[in-house]
1. When the accessible area of the chain is split by element with a 1.4 Å probe, what percent falls to carbon and sulfur?
2. Please list, by residue number, every one of the trypsin sites (Lys or Arg not before Pro) in region 104-196 that is coil in DSSP and has at most 14 other beta-carbon atoms within 10 Å.
3. Among residues other than ARG89 whose Cβ falls under 15 Å from its Cβ, what is the net charge (Lys/Arg +1, Asp/Glu -1)?
4. Got a sec? Charge dipole of the chain, +1 on Cβ for Lys and Arg, -1 for Asp and Glu; which of SER146, LEU101, ASN127 is way out at the positive end?
5. Treat every Asp and Glu Cβ in the chain as -1 and every Lys and Arg Cβ as +1, leave all other atoms uncharged, and give the resulting dipole magnitude about the Cα centre to the nearest 20 debye.
6. Over the heavy atoms of HIS166, what accessible area does a 1.4 Å probe trace out, to the nearest 10 Å²?
7. Could you tell me whether region 136-236 comes out rounded, prolate or oblate from its Cα gyration tensor? Rule is a ≥ b ≥ c as square roots of the eigenvalues, rounded for a/c under 1.5, then prolate if a/b exceeds b/c, otherwise oblate.
8. Could you tally up the Lys pairs in the chain with alpha carbons closer than 24 Å? Skip any pair fewer than 8 positions apart unless they're on separate chains.
Amino acid sequence: MNDNNLQIKRLYDAVSFRAETDRYVILLDERTAQTPKQNPLSSPSEKLARAVAEEWDSQQSTINRSSMPLTGILSAAIDGGETALSECRQDIINYLGSDLLCYRADAPRALVSRQAERWDPFIHWFNEAFDQTLIVTTGIVAVQQSDATLRAVNNALIHKTPETLHALRIATALSGSAVLALALWKSAFDKNEIFNASRVDEQFQAERWGADEEASLREDRLRQEFLSIAQFITLL
């Protein structure tokens, strides 16, 4: 059963947060809120703590978890703990081996042109930002990015917080691209432009053959999830 579907009564009145050491703890009636694994719910930044507190405060008589995306992302990062850091980092780096932006169509010409138009700016940004050169190919034959490229990304992520790495891993999985996730992290492009870049192939096919309702609903859900991740990263 999806935890978001569980009916949990709101048993608190006031929501606040306070600074404790280098974190901001979320308080429900002056008691520390907890994650699903019973860890203290706290944020590394005041901006994120305020936004998470607002999610809790906006709840009515029952808690609607699906209306609390920032709380969910933060809780998952906390519950993953320090042991998940290397796993998150490695997942992001592994995506470079099959990154959406590095595998191009060889036909039809209109799709080839659109991929180049939408994806090349991100490739150029990555190459400049990390002082590397990503290998771009056509078809599905795997290409191996250089060890230097993988090291450059690893070095950029090595000392980042669990919250940052967890959010980047989700952004990478949602977009199918570590390049797009890193661009989101660095605010190199508008968040909607980044999401749309991840949907070039699907949008092209929808224009050509028509979009079915299920596909449209899935795209709307993915967009909402991606924009929540974007907001979370901005607030860190």
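The values are calculated or read from the model by the stated rules, or taken from the named source; none is laboratory data. Since this is a predicted model, take the numbers as computed values, not measurements. We place every Cβ from the backbone using ideal geometry, glycine too, and count neighbours over all the protein chains shown. Note: accessible area is taken over every heavy atom of the protein model, side chains too, but ligands, DNA and RNA are not part of it. Shrake-Rupley method; radii C 1.70, N 1.55, O 1.52, S 1.80 Å.
1. Working: 6200 of 12740 Å².
Ligands and nucleic acids excluded, carbon and sulfur reach 49 percent.
2. LYS186
3. Values: positive: ARG151, LYS160, ARG169; negative: GLU82, GLU87, ASP91, GLU163.
Residues close to ARG89 contribute a combined charge of -1.
4. The listed residue farthest towards the positive side: SER146.
5. Working: 24 positive and 33 negative charges, 26 e Å.
Around 120 debye, computed over the chain.
6. Probe radius 1.4 Å; accessible area of HIS166 about 30 Å².
7. It is oblate, given that a/c is not under 1.5 and a/b is not larger than b/c.
8. 8
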